[in-house]
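A.B. asks: The structure's right below; bear with me while I get my questions together.
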Amino acid sequence: MTSLFFLVFLFSSSLTLNVDANLNYVEALSKSLLFFQGQRSGPLPTDQQLSWRASSGLSDGSSANVDLTGGYYDAGDNIKFNFPMAFTTTMLSWSTLEYGAQMGPHLQNVSRVNIRWATDYLLKCATATPGKLYVGVGDPNADHKCWERPEDMDTPRTVYSVSPSNPGSDVAAETAAALAAATMVFREVDSEYSLLLLAAAKNVMQFAIQYRGNYSDSLSSSVCPFYCSYSGYKDELMWGAAWLLKATDDSNYKNFIESLGGGDHPDIFNWDSKYAGAYVLLSQRALVNKDINYELYKQEAESFICKILPNSPSTHYTPGGLMYKLPQSNLQHVTAIIFLLTTYAKYMKATQHTFNCGNSVNIVPDTLISLSKQQVDYILGENPIKMSYMVGFGSSFPMRIHHRASSLPSQVLLSKPFNCTEGFQFYHTQNPNPNILTGAIVGGPDKNDEYPDKRDDYIHSEPATYINAPFVGPLAYFASRGSA
C-alpha cells in the first residue's frame, strides 16, 4: 500500500510539472536575492535598488559602546536576531557553494553581496569585545508593541550577548557555522576577507565548545520566545563543527563531532533544528568522497528523507500537495527541507547512488528532484488558489504582508516620522502595502491550501530571511535546467 501510494503521488506530481512551462525560475531567483535589500539595517549604499528603504539602526551597539550597525532585520519587525540571521547566512552560503555556477556570474555576485552584508555584521559581533559574542540588537517586547518604519524606530536598541559566565553554545555555534561557510564563498574572490572570517569562525566555535550552555538560560522568559533555541545546543555544535570541518579539513573537528555521539532522528530542518542539515552536509563525504567514516551520517540523512517523502506518518501534505510541517510560518520548513532534498539528490547523482525506505520503492535522485520541484512550483503559484507566495512574482501574490517597512509610507516619499502607535493606522487598513517587498516569501497557506492575505495574520503573512535563504539553492538548480 505504501509503495502504491508513493508511486501515485509521484505520477500526480509529474502531471503538475508539465503545466509550469511559464514559471521563470531565473526571475524568481533574482527576486529572491533582491528581497534581502528590504531587510537591510545600517547605512544603505548608493546602489540600493529597493529605494523605498533608507538607512536605519545607525546607533546600534552604542549602549554597549560598540559598533553593531549593519546586518538584517530577520522578518517583519525591526529586531536583529543573530540566531536566525546566522542560519540565514549559512544557508545563503551553502546555496552559493553548491549552486553558484548555476546562478551565473551576476547573481552569484549578488548572493555574495547579501552574504557579506551579514558577515560584516557578524564579524563585529564576534570581535568587538574579547571574551564576548554579541547576539542581537533590539528589545523584542518593546518593538512588537509598535508599528514603525525601521528608519523611525525609537524603541530601546538593547544589546544582547553571551560570555563565559552566560554561555550560549547554540547561537555561538550557529554564528561559527555562518562564518565558516562564508569563508569558502569568499576564498577565491577575496582571500584576505576569507581568512578573517575563518579566524573568527574558529574562535567562536571554540567559545561554543568550551563554555557549554543554552542561550535561553541567560535570558528572561519575556525575551526568550524571540531569541532562543528549543532544541538544545548539541545540534548546533554538530552543525558548526561540520562547517568548520568542510572549511578546514581539520580532523579535530571530525573527532569532536564523533565525541558528541549520536544525534536526534529529525523530521524537520529550520533555524532552530540543525541535525538534518548536518547529516546531509557530512554525508557528502560518504557519498562523493567515499569516506566510510561518514557512513553513519549518510544513513541518518536518508532516514530523515524517508520521513519527508509522501505517505510518511511524520510529514503531512495539504490537499494541493504542499509539504506541511507546522502552522506558524510553514514555508520556512518547506524551503529548508527542499534545499536538503535537492542537494542530497545532487550527491546521489554524482555517484549513481540509490536507497530505499524499507519498502519496495527504490529512491533515485529524480525522486527527490521531482518532489522538490513540485514544492518550488507550488510556492511560485502552481497551487489550488493560483497564488504565488513570493511577493512580486506572478500575477497574484500577497499584497498585505506583515512587514513594518513594506506597510508604512516610505520615508523617501513621506519624511514625517511615525511614532510607536501612529503606524497602527496602516497596520489595520485593508489597503495593499504601499511598498512592494520584491522577492519576499511569506509564511504561506494553511493546511487546507487557504491564504487570507491579512496583515495581522502573521503566522501566514510574515516574510523572513530564513525562508528565502534556503530557497535560493533549489531556484538556482531549476533555473539552470530551464522550465522543462
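A.B. asks: Being in contact with a helix residue (DSSP H, G or I) (Cβ under 7 Å, 6 or more places away or on another chain), surrounded by fewer than 21 Cβ atoms within 10 Å (Cβ to Cβ) and within 15 Å of ARG212 (Cβ to Cβ) is the filter here, so list the residues in the stretch 235-261 that pass it.
C.D. replies: Scanning the stretch 235-261 gives PHE256, LEU260.
A.B. asks: Separate question: For the structure I just gave you, tell me whether TYR215 is surrounded by 18 or more Cβ atoms within 10 Å (Cβ to Cβ), of a type in the set (Phe, Trp, Tyr) and touching a residue at least 24 places away in the same chain (Cβ under 8 Å). Break it down stepwise before answering.
C.D. replies: On the way: surrounded by 18 or more Cβ atoms within 10 Å (Cβ to Cβ): yes; of a type in the set (Phe, Trp, Tyr): yes; touching a residue at least 24 places away in the same chain (Cβ under 8 Å): yes.
When the stated conditions are applied, TYR215 passes them.
A.B. asks: Oh, and also: Quick one: how many residues across the stretch 154-189 are among the small types (Gly, Ala, Ser) and open to solvent by 10 Å² or more (accessible area, probe 1.4 Å)?
C.D. replies: Going through the stretch 154-189 one residue at a time, the tally reaches 3.
A.B. asks: Within the stretch 272-379, considering only helices (runs of 4 or more DSSP H) that don't extend past its boundaries, which have at least 2 residues that are closer than 29 Å to GLY232 by Cα and open to solvent by 10 Å² or more (accessible area, probe 1.4 Å)?
C.D. replies: Once the helices (runs of 4 or more DSSP H) in the stretch 272-379 are filtered for at least 2 residues that are closer than 29 Å to GLY232 by Cα and open to solvent by 10 Å² or more (accessible area, probe 1.4 Å), what remains is 275-287, 295-308.
A.B. asks: Quick one: is LEU413 open to solvent by 10 Å² or more (accessible area, probe 1.4 Å) and farther than 21 Å from ASN24 by Cα?
C.D. replies: yes
A.B. asks: Give the stretch 397-423 a look and list any residue that's out of contact with any Asp or Glu (no Cβ under 7 Å at 6 or more places or on another chain) and among the basic types (Lys, Arg), or say none.
C.D. replies: Selection gives LYS416 alone.
A.B. asks: Here's a check for you: in the stretch 48-92, which residue that is assigned to a loop (DSSP other than H, G, I, E, B) and among the hydrophobic types (A, V, I, L, M, F, W, C) is nearest to the chain's Cα centre (by Cα)?
C.D. replies: The residue in question is ALA75.
A.B. asks: Shifting gears a bit: Cβ contacts < 6 Å: first residue under 21 Å from PHE81 (Cβ atoms), restricted to the stretch 24-39; second residue open to solvent by less than 30 Å² (accessible area, probe 1.4 Å) and β-branched (Val, Ile, Thr), any location; separation 6+ or different chain. Result?
C.D. replies: Filtered contacts from the stretch 24-39: SER32/VAL472; GLN39/THR465.
A.B. asks: In the set HIS428, HIS403, which member is open to solvent by 50 Å² or more (accessible area, probe 1.4 Å) and within 29 Å of the chain's Cα centre (by Cα)?
C.D. replies: HIS428
A.B. asks: Are there any pairs, at least 6 apart or on different chains, whose C-beta atoms fall under 9 Å, with the first in the stretch 413-425 and under 23 Å from HIS144 (Cβ atoms) and the second of a type in the set (D, E, K, R) and part of a helix (DSSP H, G or I), and if so, which?
C.D. replies: Pairs found: GLY423/ARG404.
A.B. asks: Another question, if that's okay. What about LEU122, is it at pLDDT 95 or above and within 18 Å of LEU44 (Cα to Cα)?
C.D. replies: Yes.
A.B. asks: For the stretch 136-153, enumerate the residues that are more than 15 Å from SER41 (Cβ to Cβ) and either over 24 Å from the mean Cα position of the chain (by Cα) or buried (at least 24 other Cβ atoms within 10 Å of the Cβ) (or both).
C.D. replies: Within the stretch 136-153, ALA142, LYS145, CYS146, TRP147 meet the criteria.
A.B. asks: Looking only at residues that are part of a helix (DSSP H, G or I) and of a type in the set (Val, Ile, Thr) in the stretch 185-221, which one is farthest from ASN82 (Cα to Cα)?
C.D. replies: Restricting to residues being part of a helix (DSSP H, G or I) and of a type in the set (Val, Ile, Thr), the top hit is VAL185.
The values are calculated or read from the model by the stated rules, or taken from the named source; none is laboratory data. These numbers come from a predicted model, not from an experiment. With ideal geometry, Cβ positions are generated from the backbone for all residues, glycine too; neighbour counts draw on all protein chains shown. Only protein heavy atoms, including side chains, enter the accessible area calculation; ligands, DNA and RNA are left aside. Shrake-Rupley method; radii C 1.70, N 1.55, O 1.52, S 1.80 Å.
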